[in-house]
Amino acid sequence: MKSHSDSLINYYSNPIKLESAVDLILDTVKKNKSIWLIGNGGSASTAEHFEIDLMYIKTKIDLGLIRSTALTSNSSVTTAIANDLGYRYIFSAQLERKAAEGDLCILISASGNSENLIEAVKVCRLKKVKTLALLGFNGGELLTLVDLSLHIKTEIGTYGVVEDIHLSICHQISGLLLEKLKSIP
């Protein structure tokens, strides 16, 4: 019997791209590289939730630590950057300091047009950090900027639907990632 999240994933997302997203994350984990998670508003909440899901994979199998961090979770850092440099740099300034070649940045956005996410992609390109985006609406500018996207095509403004599906996708990815990690000798 399919779960509610399975139905949402199959209806709104391309299963081949979902598998590619899992493989991209798996490759990052195998290389012991970092995963950076970013988003605004409800998408920030999803980024932080996904960090926890990735963290708990370690407790389910004997595996080294999955290095994932939501760059949304330190309000002192984000507000200092917003105050001193501007809100559009709250993620890119952190990635400039922390990210390294071979890392992965997961961007979560309903519109795909947030300036701070676009600035983050620019830094990722310079630092050779791979990018995966969970997008909604028409995909926005990020659709053409990232390495891989899981795009939930909806009417512009349907934030609740997009945010619910993005969270379901994160749960689905976590489950698939756990299964793949269990099968590694």
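The values are calculated or read from the model by the stated rules, or taken from the named source; none is laboratory data. Everything numeric in this text was worked out from a predicted model, so none of it was measured. Heads up, the Cβs are rebuilt from the backbone with ideal geometry, glycines too, and the neighbour counts pull from every protein chain shown.
Here are the numbers for this structure:
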quantity: Cβ-Cβ under 8 Å pairs, at least 6 apart or on other chains, region 93-118 side closer than 11 Å to Ser34 by Cα and among the acidic types (Asp, Glu), far side outside any strand (DSSP E or B) and at pLDDT 95 or above; calculated: Glu101/Lys127; Glu101/Lys128; Glu101/Val129; Asp103/Thr28; Asp103/Lys33; Asp103/Ser34; Asp103/Lys127; Asp103/Val129
quantity: Where a residue in region 142-166 is within 18 Å of Ser20 (Cα to Cα) and its partner, wherever it lies, is among the basic types (Lys, Arg) and at pLDDT below 95, with Cβ under 9 Å and at least six apart; calculated: Leu148/Lys17; Ser149/Lys17; Leu150/Lys17; His151/Lys17
quantity: Those residues of region 144-153 which are surrounded by fewer than 17 Cβ atoms within 10 Å (Cβ to Cβ) and either touching a Leu at 6+ places or on another chain (Cβ under 6 Å) or closer than 12 Å to Ala110 by Cβ (or both), in sequence order; calculated: Leu148, Lys153
quantity: Hey, Glu51 modelled with pLDDT under 95 and either closer than 16 Å to Leu132 by Cα or touching a Leu at 6+ places or on another chain (Cβ under 6 Å) (or both) or not; calculated: no
quantity: Hey, Ser7 polar (S, T, N, Q), crowded, with 18+ Cβ neighbours inside 10 Å and at pLDDT below 85 or not; calculated: no
quantity: Filter pass, Ser111 being at pLDDT 95 or above and out of contact with any Lys or Arg (no Cβ under 9 Å at 6 or more places or on another chain); calculated: yes
quantity: Among the candidates Ile35, Ile57, residue that is among the β-branched types (Val, Ile, Thr), surrounded by fewer than 21 Cβ atoms within 10 Å (Cβ to Cβ) and in contact (Cβ under 8 Å) with a residue 60 or more places away in the chain; calculated: Ile57
quantity: Which listed residue is surrounded by fewer than 23 Cβ atoms within 10 Å (Cβ to Cβ), of a type in the set (A, V, I, L, M) and either assigned to a helix (DSSP H, G or I) or at pLDDT 95 or above (or both), from Leu134, Leu181; calculated: Leu181
quantity: Residue in region 93-105 that is assigned to a strand (DSSP E or B), at negative phi and crowded, with 23+ Cβ neighbours inside 10 Å present; calculated: yes
